[in-house]
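Each remark here refers to the structure printed beneath this line.
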Amino acid sequence: MVQTEAARRGVTIHIVLDIVHVIEKLWAASRCFHTATDPAAEDWVGIKAARILVGDTSSAARDIRTEADRHHLSDDRRTAADKACRYLDNNADFVHYVQALAAGWPIASRAVEGAARHLVAGRFDITGSRWSVPGAEAVLTLRTVISNGDFPDYWTFHARKEHERLHSLPDQHIYALQA
C-alpha cells in the first residue's frame, strides 16, 4: 500500500524493517530450541541476527526450519520458529541492512519511538484533553525546543521578531530620527 502510493506520486521510498522487531522474532524462535536461562540462546540469536545483518536472510530462515526439522519438533513446539521464518520470508524486501547502513539510514526506530513518547505522551495523554492540529504542533515544537536546550536562543529570536512585528512601520527605514 505504501509502495503503491509512493509510485502513484512518483516518489522513491526505501522501507527498512526495524532490526529490533526482527531480533524479537528470533528470540521467540530461540525458545523452540533453548530454555529462557540457557546462555546458548543468546549465541543462537546473535548468529542468526548477524547473518541477517549481512544480507543472508533467506539462509537464516532456512537454517531455523532445518533445525526445527532436525529436532523433530511438534507443530505446537515449532510455532515460534515457523512464525519467525514466515516473518523473514514475507519481509525479505525490507531487510537489506547492508545497503541501509551504507546509506546512513537508521535500522532501528527505538530512539525515535522513545523521543516521540517523551515529547508526545508526556503532554497529550491527559484525560479529557482535546487538541487541534495547529495547537498540538505548536506545543510539540515548543517541547522539542525546550528538550533540545534551545529555548533561550529561541526566546531571544521570538522576542526580537515580535518587537519588529508590533513596533515597525512599513516606511520606517525612510525616516531618520533627529534630536
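The values are calculated or read from the model by the stated rules, or taken from the named source; none is laboratory data. All values derive from a computational prediction rather than experimental measurement. Here Cβ is always computed from backbone atoms with ideal geometry, including for glycine, and neighbour counts include all displayed protein chains.
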Only one of A100, A49, A68 is within 24 Å of the chain's Cα centre (by Cα) and either at pLDDT 95 or above or under 30 Å from L142 (Cα atoms) (or both); which? A49
Among the numbered conditions (1) assigned by TED's automatic domain parsing to the domain that holds R51; (2) over 19 Å from the mean Cα position of the chain (by Cα); (3) free of Cβ contacts under 8 Å to residues at least 24 places away in the same chain, tell me where E5 comes up short. (1)
In this structure, does D75 turn out to be in a helix (DSSP H, G or I) and more than 30 Å from T144 (Cα to Cα)? no
Can you run down the residue pairs with Cβ atoms below 7 Å, 6 or more apart or on separate chains, where the first is in segment 61-88 and among the charged types (D, E, K, R) and the partner is assigned to a loop (DSSP other than H, G, I, E, B)? E67/F33; R77/C32; R78/C32
Looking at the structure I just gave you, is A49 assigned to a helix (DSSP H, G or I) and among the hydrophobic types (A, V, I, L, M, F, W, C)? yes
Could you please find all residues in segment 22-45 being within 25 Å of the chain's Cα centre (by Cα) and surrounded by fewer than 13 Cβ atoms within 10 Å (Cβ to Cβ)? E42
Between a first residue in segment 31-59 that is in contact (Cβ under 8 Å) with a residue 24 or more places away in the chain and a second residue that is of a type in the set (A, V, I, L, M, F, W, C) and assigned to a loop (DSSP other than H, G, I, E, B), which pairs have beta carbons less than 9 Å apart while being 6 or more apart in sequence or on different chains? C32/L73; F33/L73; I52/V95; L53/V95; L53/I107; G55/V95; T57/V95
